[in-house]
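So the structure is just underneath, and the comments pick up after that.
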Amino acid sequence: MKATKECQPCLANLVRQAAAIATDEPVLRAKAVEEGLKILDREFSTDKTSIAVATLLHRMVRKVTVNADPYRRMKEAEVDMARNLRNRWKPNPKSDVRHYLVLSVLGNNIDFFKDMKEIREGLASPVEFAIDHTRELERRLKKAKCILYLADNAGEVFFDIPLVNRLKDYAPVTYVVKESPVQNDITIDDLKRFGLARELPRVITTGTDTPGVDMAMASDEFKVEFESADIVLAKGMGYWETLSELPPAGKVFYLLKAKCKPVADSLGVALNSYVALLR
């Protein structure tokens with residue numbers, strides 16, 4: 001998915017937010033914003049994905065503020081909230097896959113651009129998929145021998161675990177996280193720090209620090225796993241923004257809430273719609 005003109009002011013807000021979170025030092029914060037906006041003016045193009053530009057912005061903020069993980073405290077808050085909420089959603093082990101998909105996509109309401117009140121309201125709302133390929137996914141699962149699960153935000157892991165365990169009834173599942181910090185995405189170190197690694201099966205990383213996954217930067221290990229997987233469950237908008245640039249292979253299942261207009265428009269759905277798309 002290529003960026004649209006609407007993405008540019010959003011990326012400018014991202015720079016300001018990341019700088020504000022990364023440091024309390026006014027001089028460093030101002031410098032990070034200044035340098036970030038210069039990069040944005042130079043690099044932004046509707047011939048690129050917004051993720052490609054966002055990656056450069058995050059790297060610059062981390063470098064200027066000397067903060068390797070600006071969203072660390074935000075991730076901790078999200079994990080605490082999700083840990084407390086997880087007991088509200090205890091799926092019946094006999095429920096169908098769709099039930100677990102609904103539980104998982106609820107976690108996609110966790111978004112670093114939203115306050116906690118708005119996140120809680122989203123979690124309490126019913127899920128209706130504007131695009132619903134869940135039955136087709138269930139049919140494909142019966143023949144699957146290898147499943148790749150691409151994780152998104154830190155707090156979402158608690159909503160992913162029941163689905164991961166359900167998918168294991170069909171085939172081995174590999175859970176994929178980020179190699180190093182970017183935004184509030186879950187990393188391999190976060191899994192260990194929050195005590196979540198033991199609740200998951202095999203875990204690998206994308207080998208990158210990009211939102212979603214830029215295949216040009218991804219590790220050889222990830223590329224091999226991606227190619228060999230029968231089903232790739234891609235959680236969150238970042239994966240739609242990046243992987244939709246690849247030719248359709250009929251095996252990537254996008255599970256997300258379309259929280260921004262450009263993403264919603266690219267999918268042909270209304271803003272804030274839930275999507276379960278096999279492509």
Gain upon complete extension [Ala77, Arg59; 0.36 nm per residue less C-alpha separation]: 4.2 nm
The chain - Debye-derived log10 I(q)/I(0), Cα point model, q = 0.11, 0.16 Å⁻¹: -0.59, -1.33
Net length gained if the chain between Asn84 and Lys261 were fully extended (0.36 nm per residue, minus Cα distance): 60.6 nm
For segment 129-279: relative contact order, % (alpha-carbon pairs under 8 angstrom, 6 or more apart): 26
Accessible surface of the chain, 1.4 Å probe, proportion on carbon and sulfur as whole %: 51
Sequence ranges 230-240, 182-192, ranked by mean other-Cβ count within 10 angstrom, highest first: 230-240, 182-192
Cα long-axis angle, helix 157-167 against the chain (0 to 90 degrees, to the nearest 10): 30
Binned Cα-Cα distance frequencies in segment 18-102 - 5 Å width, integer %: 3, 13, 16, 13, 12, 10, 10, 9, 8, 4, 2, 0
Note, ³J(HN,Hα) from phi for segment 206-212, Karplus 6.51, -1.76, 1.60, rounded to Hz, x at Gly and Pro: 6, x, 10, 10, 9, x, x
Rounded accessible area per residue of the chain, 1.4 Å, Å²: 44
Per-residue ³J(HN,Hα) for segment 245-252, Karplus 6.51 cos²θ - 1.76 cosθ + 1.60, θ = phi - 60°, Hz, x for Gly and Pro: 6, 7, x, x, 10, x, 10, 8
Cβ-derived FRET efficiency at R0 41 Å, Asp41 paired with Ala171, nearest 0.05: 0.30
Filter on Lys5/Lys235; Lys94/Lys142; Lys75/Lys117; Lys75/Lys192; Lys235/Lys259 - keep pairs with C-alpha separation over 21 Å: Lys5/Lys235
Charge sum, other residues only, whose C-beta stays under 15 Å from Glu245's C-beta, Lys/Arg counted +1 and Asp/Glu -1: +1
Spin-label pair Ser125/Lys142, simplified geometry with 7 Å Cα→Cβ offset, distance in nm: 3.4
Prolate/oblate/rounded label for segment 88-213 (Cα gyration tensor, a/c 1.5): oblate
Sequence ranges 125-138, 95-108, ranked by mean other-Cβ count within 10 angstrom, highest first: 95-108, 125-138
Using alpha-carbon coordinates, inclination of helix 7-22 to the longest axis of the chain, degrees: 80
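The values are calculated or read from the model by the stated rules, or taken from the named source; none is laboratory data. Treat the numbers as computed from the prediction; the structure is a model and nothing was measured. Backbone-built Cβ (ideal geometry, glycine too); neighbour counts: all protein chains shown. Please note that ligands, DNA and RNA were not included when accessible areas were found on the heavy atoms of the full protein model with its side chains. Shrake-Rupley method; radii C 1.70, N 1.55, O 1.52, S 1.80 Å.
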